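A.B. asks: Attaching a single structure in C-alpha cells format; questions to follow.
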Amino acid sequence: MFSLQFIRGLIGLGILEVENKVESIIFSNHTLYGITKQLERLKISKYFSSVLANTELDTSFKGKTKEEKLKYYIKSQQLQFDQVLVIGDTTEEIEIGKALGAITIAITDGYNSTSRLKMAKPDFLITDLAQVILIIKNLNTLSPRQINFT
C-alpha cells in the first residue's frame with residue numbers, strides 16, 4: 001500500500017519527468033503482476049517507464065537478484081552508473097546503489113528505521129519523496145553534503 005505522501009511525491013516526480021526527461025523505473029523483489037496491479041489501482045503507471053520485478057513468486061528465489069536486474073537494465077539502456085539515482089526505504093536499495101556506483105537516496109518512514117538507513121550512509125536521506133525534485137535540480141551544482149533534509 002502506498003501512502004498519500006508517497007503518491008504526491010510520485011506525481012511531483014512525474015511532473016519533473018515530463019519537464020526534464022527523467023526516466024523513472026521500479027526495481028523490486030515483488031512480482032511484476034502485483035506491482036502492476038498496484039500502479040494501475042493508484043493510477044500512477046504513467047510515471048514509470050519500466051518495472052524490473054519477478055515474473056512469478058518463486059523466481060525471486062531462483063532468478064536474478066535486484067542488483068543484477070538493475071545493473072543489466074542500466075547497461076542495456078547505455079546509462080552511466082554515476083548518473084543513476086537509486087531511491088529506497090531499505091538498506092538493501094542503498095547497498096545496491098552504492099555497489100553500482102549510483103547516487104543513493106534513502107527515504108524515511110518506510111520499511112527500515114531512520115537510524116538503520118543512516119547507518120547505510122546514503123548520499124541523501126529524505127523524509128518526503130517530493131524532495132527528490134530538489135536533489136535532481138541541484139545535483140549539477142551542489143555536493144550531496146550540501147543538501148540536507150533531516
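For (1) part of a helix (DSSP H, G or I); (2) at positive phi; (3) at pLDDT 80 or above, each residue gets a yes or a no:
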{"residue": "G12", "(1), (2), (3)": "yes, no, no"}
{"residue": "L16", "(1), (2), (3)": "yes, no, no"}
{"residue": "E23", "(1), (2), (3)": "no, no, no"}
{"residue": "S28", "(1), (2), (3)": "no, no, yes"}
{"residue": "I35", "(1), (2), (3)": "yes, no, yes"}
{"residue": "E40", "(1), (2), (3)": "yes, no, yes"}
{"residue": "K46", "(1), (2), (3)": "yes, no, yes"}
{"residue": "L52", "(1), (2), (3)": "no, no, yes"}
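A.B. asks: Restricting attention to region 91-115, which residues are of a type in the set (A, V, I, L, M), assigned to a helix (DSSP H, G or I) and surrounded by 21 or more Cβ atoms within 10 Å (Cβ to Cβ)?
C.D. replies: Once the filter is applied, which keeps residues that are of a type in the set (A, V, I, L, M), assigned to a helix (DSSP H, G or I) and surrounded by 21 or more Cβ atoms within 10 Å (Cβ to Cβ), region 91-115 yields I94, I96.
A.B. asks: Here's a follow-up. Does region 75-125 hold any residues that are within 17 Å of L139 (Cα to Cα) and basic (K, R), and which are they?
C.D. replies: Across region 75-125, the qualifying residue is only K98.
A.B. asks: Return a yes/no flag: does region 58-77 have any residue that is at pLDDT 80 or above and outside any helix (DSSP H, G or I).
C.D. replies: Yes, region 58-77 has at least one match.
A.B. asks: While we're here: For residues in region 116-133 being outside any loop (DSSP other than H, G, I, E, B) and surrounded by 15 or more Cβ atoms within 10 Å (Cβ to Cβ), which is modelled with the lowest pLDDT?
C.D. replies: Within region 116-133, the match that is modelled with the lowest pLDDT is I133.
A.B. asks: Collect the residues in region 99-114 that are under 13 Å from the mean Cα position of the chain (by Cα) and more than 20 Å from A130 (Cβ to Cβ), keeping them in residue-number order.
C.D. replies: Of everything in region 99-114, just one residue is under 13 Å from the mean Cα position of the chain (by Cα) and more than 20 Å from A130 (Cβ to Cβ), namely A102.
The values are calculated or read from the model by the stated rules, or taken from the named source; none is laboratory data. Keep in mind that what you see is a predicted model, and the values were worked out from it rather than measured. Neighbour counts are summed over all protein chains in view; Cβ atoms, including those assigned to glycine, are modelled from backbone coordinates with ideal geometry.
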